[in-house]
Ligand code: SF4
Ligand code: SF4
């Protein structure tokens, strides 16, 4: 396993991190539950092969991810890894909630101090309306001083300039964000994070949270004899010197073995390969009849629909063939103000279309979104 410097934390992390959001599940009379035995086995398999960064969150796997990770770290495994988890920021309703969640998570993990404790899913709104409103940075600093957590981190889902603003508080030591071949929006912000001494962890290195992409897009780029999709995707992400670790949500032994091999073997994409990727992606994109630039001139929609967000999701399906990933994203639509309402909430007033510089038939396209995802 290759290891990388994790910002200024003094920690060396494995290039491949284990995302504990997709632990293996089994059907029971009470619905799906985590397959604890298999989960413990594959987590330990990854540790035995050198993976040392494990990322969980309060809500993953129906709230059982942390407990399962904690069980896997018994029998001498805890000392070999760094544990990352996340306070469910959006569920905080008062100042004391931060500490209440932290204490519950420490009990669930039962693995000593949490190495990297994230504010989960930071957006500009969450930052202002929850983190600043309830003075949670002070809570985090206090928890660190008391030794309950070792490093203060955040996971991020908004525009790059918002990430830089959060970094500028000087409180954070690492960031977890999206970055992949298909979505390079965070590239500058990642470089900024690295310059400021933060460790950078990437989720969804292939755009789907897994190193194994279902898409044909990479084959189109590199031809039949080329390296496999996961290899290219990981080589792209880890080829960025500002990235410390790429997370993969792994659910079985085969996936763990393959991803570890890929992370071990991978070398960065060459300049020429990168240029080919960029050209091919542009070409594929231009083939799409839905070319939304994300300018947001169409907003606000009176019904609260985040039009460019829905079109981005549609493009993952339509242009890149990442259908299951797109469905997962659409599943979140309607759960927060930022996600906006489902496409079926459109009342066809047409106000957005008069403002769109691309002359996109937004109403018609939203109907397509409904037919694919609802
Ligand atoms: S046409 Fe639909 S999406 Fe556009 S502004 Fe009206 S309600 Fe919103
Ligand atoms: S105005 Fe048009 S191009 Fe701009 S975000 Fe809205 S739909 Fe996309």
- Query: What residue, among those in region 340-352 that are crowded, with 19+ Cβ neighbours inside 10 Å and more than 13 Å from residue 367 (Cα to Cα), is farthest from ligand 2 (Cβ to nearest atom)?
  - Reply: 340
- Query: Among the residues of region 187-215, which ones are more than 12 Å from the chain's Cα centre (by Cα), closer than 23 Å to residue 315 by Cβ and at pLDDT 55 or above?
  - Reply: 187, 188, 189, 190
- Among the candidates 76, 59, residue that is in the same structural domain as residue 109 (by TED's automatic domain parsing) and at pLDDT below 95: 59
- Item | Any hit, region 249-262, residues being out of contact with any helix residue (DSSP H, G or I) (no Cβ under 8 Å at 6 or more places or on another chain), over 12 Å from residue 181 (Cβ atoms), at pLDDT 80 or above and within 16 Å of ligand 2 (Cβ to nearest atom) | no
- Residue, nearest to the chain's Cα centre (by Cα), within region 16-40, restricted to residues that are part of a loop (DSSP other than H, G, I, E, B) and within 30 Å of residue 239 (Cα to Cα): 21
- Pairs only if they're at least six apart or on different chains, beta carbon under 8 angstrom, first in region 303-317 and on the phi > 0 side of the Ramachandran plot, second away from ligand 2 (no atom under 11 Å from the Cβ) and not in a loop (DSSP other than H, G, I, E, B); list them, first residue then second. 304/345
- Residue in region 297-305 that is touching a helix residue (DSSP H, G or I) at 6+ places or on another chain (Cβ under 7 Å), modelled with pLDDT under 90 and not assigned by TED's automatic domain parsing to the domain that holds residue 14 present: yes
- Message: Residues that are assigned to a helix (DSSP H, G or I) and touching a residue at least 60 places away in the same chain (Cβ under 8 Å): does region 350-360 have at least one?
- Response: no
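The values are calculated or read from the model by the stated rules, or taken from the named source; none is laboratory data. Note that the structure is a prediction, hence the values are computed from the model and not measured. For neighbour counting, all protein chains shown are included, and Cβ atoms are generated from backbone atoms with ideal geometry for every residue, glycine included.
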